[in-house]
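The values are calculated or read from the model by the stated rules, or taken from the named source; none is laboratory data. Computed from a predicted structure; not experimentally measured. Every residue, glycine as well, gets a Cβ built from its backbone with ideal geometry; the counts of neighbours run over all protein chains shown. Remember, those area values only see protein heavy atoms, side chains included, never the ligands or the DNA or RNA. Shrake-Rupley method; radii C 1.70, N 1.55, O 1.52, S 1.80 Å.
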Amino acid sequence: MTTAPLLVLCALGPEVWALRGGDWRGAVGGPPVLVRTGVGRRRAGTAVRRVLNSARGGYGAVVVAGFGAAVGPGVAPGDVVAADGVRDAEGHLYPVDSGPELARALKEQGLTVHTGVHHTADHVVRGIERRALHLQGALAVDMEAAAVLAALREVRPVLPVAVLRVVVDTPEHELLRPGTLPAGVRAWRTLRATVPALVDWYRQEPVDGSADLNHPTSSTLPQEAS
């Protein structure tokens, strides 16, 4: 089992804040390294390459976590969607093998969990476009995950990875409509509640010892970077 810490990537400061305050006791490798990438594919891809290429001791696995939107029926604000695949706007699909095991760990924490494909868009998706994505097999939409997975494939292809989104809005209750603020608070609390499941998933995840022990530099990253 690796003794390297978990690398957790979030687009937004509130997502980092929610996860930082979670119960990380028992985490393999000690507290995770939490990194705010910024919003969007370009920022996310750049941040991942920077972090991985400047990591001295390496990481044992990567988690992409934060808020997202549902694109189909049956998913409510505050539900969690664990990805078993991530598709980008060009149609490339990145399989995510961790989906079922992460969903199991999340359900054991009493959370409502769905497993499916995340679509990474380059803009905020609304209305009929959401329905189209659902018809194409997506369950949730974000703006970063595919860029992270593309960077990992390029820089650290053997690192285990998990992707989860806590749903803030749905096709029935889109952002900026009444009820968004309560839904956001619910999602923030749910994101924090996912932490024990992430600890459990990482503890159970088999890791290749060669996963991320290269690229030494003269400095280390802090436990939170942005």
> Somewhere in the range 61-79, is a residue of a type in the set (Gly, Ala, Ser), in a loop (DSSP other than H, G, I, E, B) and out of contact with any strand residue (DSSP E or B) (no Cβ under 8 Å at 6 or more places or on another chain)?
Replying inline: no
>> For the condition small (Gly, Ala, Ser) and either open to solvent by 10 Å² or more (accessible area, probe 1.4 Å) or touching a Phe, Trp or Tyr at 6+ places or on another chain (Cβ under 6 Å) (or both), what is the one hit in GLY22, GLY58, GLY72?
In response: GLY22
> Out of the range 117-155, which residues are open to solvent by less than 20 Å² (accessible area, probe 1.4 Å), at pLDDT 90 or above and part of a loop (DSSP other than H, G, I, E, B)?
Replying inline: GLU144
> So, in the range 30-39, of the ones that are in contact with a helix residue (DSSP H, G or I) (Cβ under 8 Å, 6 or more places away or on another chain) and over 18 Å from ALA193 (Cα atoms), which residue ends up most open to solvent (accessible area, probe 1.4 Å)?
Replying inline: ARG36
>> So, LEU221, is that one closer than 19 Å to ALA65 by Cβ, at pLDDT below 65, surrounded by 13 or more Cβ atoms within 10 Å (Cβ to Cβ) and touching a strand residue (DSSP E or B) at 6+ places or on another chain (Cβ under 7 Å) or not?
In response: yes
> Hey, among the residues in the range 156-180 that are open to solvent by 10 Å² or more (accessible area, probe 1.4 Å) and of a type in the set (A, V, I, L, M), which one's modelled with the highest pLDDT?
Replying inline: VAL161
>> Which residue is surrounded by the fewest Cβ atoms within 10 Å (Cβ to Cβ), if the candidates are limited to the range 46-55 and must be outside any loop (DSSP other than H, G, I, E, B), out of contact with any Ser or Thr (no Cβ under 6 Å at 6 or more places or on another chain) and of a type outside the set (Ser, Thr, Tyr)?
In response: ASN53
> Are any residues in the range 84-116 acidic (Asp, Glu) and part of a loop (DSSP other than H, G, I, E, B), and if so, which ones?
Replying inline: ASP88, GLU90, ASP97
>> at pLDDT below 95 and either within 25 Å of VAL185 (Cα to Cα) or open to solvent by 20 Å² or more (accessible area, probe 1.4 Å) (or both): is that true of ALA89 in this structure?
In response: yes
> In the range 92-102, what count of residues is obtained for those that are open to solvent by less than 10 Å² (accessible area, probe 1.4 Å), of a type in the set (A, V, I, L, M) and closer than 12 Å to HIS118 by Cα?
Replying inline: 1
